[in-house]
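The values are calculated or read from the model by the stated rules, or taken from the named source; none is laboratory data. Source: prediction; values computed, not measured. Heads up, the Cβs are rebuilt from the backbone with ideal geometry, glycines too, and the neighbour counts pull from every protein chain shown. Remember, those area values only see protein heavy atoms, side chains included, never the ligands or the DNA or RNA. Shrake-Rupley method; radii C 1.70, N 1.55, O 1.52, S 1.80 Å.
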Amino acid sequence: MAANNHPYLTYQYKDVKQLEKEISKQKKLTRALMNFQNHLIFVIDNEEIIEFNQAFSNFTGISKAQTQLPILKYLSSFFVDDANYFYPIDKSRWFEEIIETGKNSVNMHWINSSSEESYFNLQYESIPGSNQYLCVCMDITHLENEKSGNRQFFLMDSLTYSINQLEMNAILEVEMRRAERLNQPLSMIIMDIDFFKHVNEQFGYDAGDKVLSTISIIVQQRIRESDIFVRWGGEEFILLTPGTDGNGAQELAESIRSIIEEFQFENIDQITCSFGISVFSKGKAKEELILEANHALSISKDRGRNGVTLYN
């Protein structure tokens, strides 16, 4: 009797074929369930995406036919550097870094190749008995836009329309990380209104508020869109200047100092400001950067105020 006609082998062959049919049926059912979902769903296996649903395809623009595309690495280009959302240090390892956080859920800010900007909550679970991970990205764009509007209102100084101190630490961390990653300069300018207490005492708090708002307008008209202006304290402001070295920051501070000195404030003789500048370098902590700027500011005050000092 031929081997392939043996009753046991014939039974075993039928059993395997039946199993294959069941597996194929399960795969089709799973794919249908995935495509039914509006969330972005994908499966990662050994640092590659091996399966994804239609919602994932719609947002990313990736089709099933693009088998040669390293999808997981391609998605690294979608991340927006935003202090309020997960952003990887090494974008090529973005999913590994999410795992390393020890959390199974992170919020992400993504923008795809079609410039469609969205916010997602990514949740993942390991698939038992494999090296695979099931990932689900829930679109939270509407919720985040609402929250962002409220956050901007909450984090904006109502008098000077500058960023307030609550948001400063997060922004500074992002800018320092970006400067280090891109090997670009970053400077910090701390400015303080000279003898502001006397302004309040002599002319009243309404006049003091007018000085604060006017100085804010002067500074914001002078700086670039990429510069970040923060009300740091009562009469103290911080100006972050990405892409600007110490000399450039010194020139900027000097121009602002000169404009304020020459400006005719209503019913007030003259207002001047003192400035201190520090420059970020690799490995420097944000506390150190602020301390250096404050030290330079103290030197400007000790020299008679209405001056600019670069820390060195």
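List pairs: first residue in region 205-216 and within 12 Å of Tyr161 (Cβ to Cβ) and among the polar types (S, T, N, Q), second residue surrounded by fewer than 16 Cβ atoms within 10 Å (Cβ to Cβ) and modelled with pLDDT under 95 anywhere in the structure, Cβ distance under 7 angstrom, at least six positions apart or on different chains.
Ser213/Leu159; Ser216/Tyr161
Criterion first (farther than 24 Å from Val174 by Cα, loosely packed, with under 13 Cβ neighbours inside 10 Å, of a type outside the set (S, T, N, Q) and at pLDDT below 95) does Asp302 satisfy it?
Judged against the criteria, Asp302 is not a match.
Could you list, in sequence order, all residues of region 253-294 that are part of a helix (DSSP H, G or I), surrounded by 15 or more Cβ atoms within 10 Å (Cβ to Cβ) and modelled with pLDDT of 95 or more? Even if it seems obvious, please write down each step before you answer.
Step one: filter region 253-294 for residues part of a helix (DSSP H, G or I), giving 253-262, 286-294.
Filter once more, so that each one left must be surrounded by 15 or more Cβ atoms within 10 Å (Cβ to Cβ): 253, 256-257, 259-260, 286, 289-290, 292-294.
Residues satisfying the conditions are Ala253, Ile256, Arg257, Ile259, Ile260, Leu289, Ile290, Glu292, Ala293, Asn294.
Out of all the residues in region 263-281, is one or more among the aromatic types (Phe, Trp, Tyr) and over 30 Å from Ala207 (Cβ atoms)?
As a first pass, look at region 263-281 and keep what is among the aromatic types (Phe, Trp, Tyr): 263, 265, 275, 280.
Adding the requirement that they be over 30 Å from Ala207 (Cβ atoms) leaves 280.
Yes: region 263-281 contains one or more residues that are among the aromatic types (Phe, Trp, Tyr) and over 30 Å from Ala207 (Cβ atoms).
Kindly list, by first and then second residue, each pair from a residue in region 154-166 that is polar (S, T, N, Q) to a residue that is assigned to a strand (DSSP E or B) and open to solvent by 50 Å² or more (accessible area, probe 1.4 Å), limited to pairs with Cβ atoms under 8 Å and residues at least 6 apart or on different chains.
Listed by first residue and then by second, the contacts come to Ser162/Met156; Asn164/Met156.
Residues that are open to solvent by 50 Å² or more (accessible area, probe 1.4 Å) and more than 16 Å from Met138 (Cα to Cα), at least 2 per element: which helices (runs of 4 or more DSSP H) completely within region 47-123 meet that? Steps first, answer last, please.
Details: elements: 54-60, 71-74, 94-100.
Per the criteria, 71-74, 94-100.
Considering Thr141, Thr214, which residue is out of contact with any His (no Cβ under 7 Å at 6 or more places or on another chain), closer than 30 Å to Leu40 by Cβ and at pLDDT 90 or above?
Values: Thr214 fails: closer than 30 Å to Leu40 by Cβ.
Only one candidate qualifies: Thr141.
Farther than 24 Å from Gly243 by Cα and in a loop (DSSP other than H, G, I, E, B): is that true of Thr214 in this structure? It would help to see each step written out before you state the result.
Numbers: farther than 24 Å from Gly243 by Cα: yes; in a loop (DSSP other than H, G, I, E, B): no.
The answer is no for Thr214.
In region 207-228, which residue that is open to solvent by less than 60 Å² (accessible area, probe 1.4 Å) and within 24 Å of the chain's Cα centre (by Cα) is nearest to Ile256 (Cα to Cα)?
So, considering only residues that are open to solvent by less than 60 Å² (accessible area, probe 1.4 Å) and within 24 Å of the chain's Cα centre (by Cα), the one nearest to Ile256 (Cα to Cα) is Ile223.
Under 30 Å from Glu236 (Cβ atoms) and either of a type in the set (S, T, N, Q) or open to solvent by 90 Å² or more (accessible area, probe 1.4 Å) (or both): does that describe Leu155? Talk me through it step by step, then tell me what you get.
On the way: under 30 Å from Glu236 (Cβ atoms): yes; either of a type in the set (S, T, N, Q) or open to solvent by 90 Å² or more (accessible area, probe 1.4 Å) (or both): no.
No, not satisfied.
Check region 130-140 and report whether any residue there is touching a residue at least 40 places away in the same chain (Cβ under 8 Å), in a loop (DSSP other than H, G, I, E, B) and under 23 Å from Lys103 (Cβ atoms). If you could, list the steps in order and put the result at the bottom.
First, pick out the residues of region 130-140 that are touching a residue at least 40 places away in the same chain (Cβ under 8 Å): 130-139.
Still in the list and also in a loop (DSSP other than H, G, I, E, B): 130-131.
This time we only want the ones that are under 23 Å from Lys103 (Cβ atoms), so: 130-131.
Among the residues of region 130-140, at least one is touching a residue at least 40 places away in the same chain (Cβ under 8 Å), in a loop (DSSP other than H, G, I, E, B) and under 23 Å from Lys103 (Cβ atoms), which makes the answer yes.
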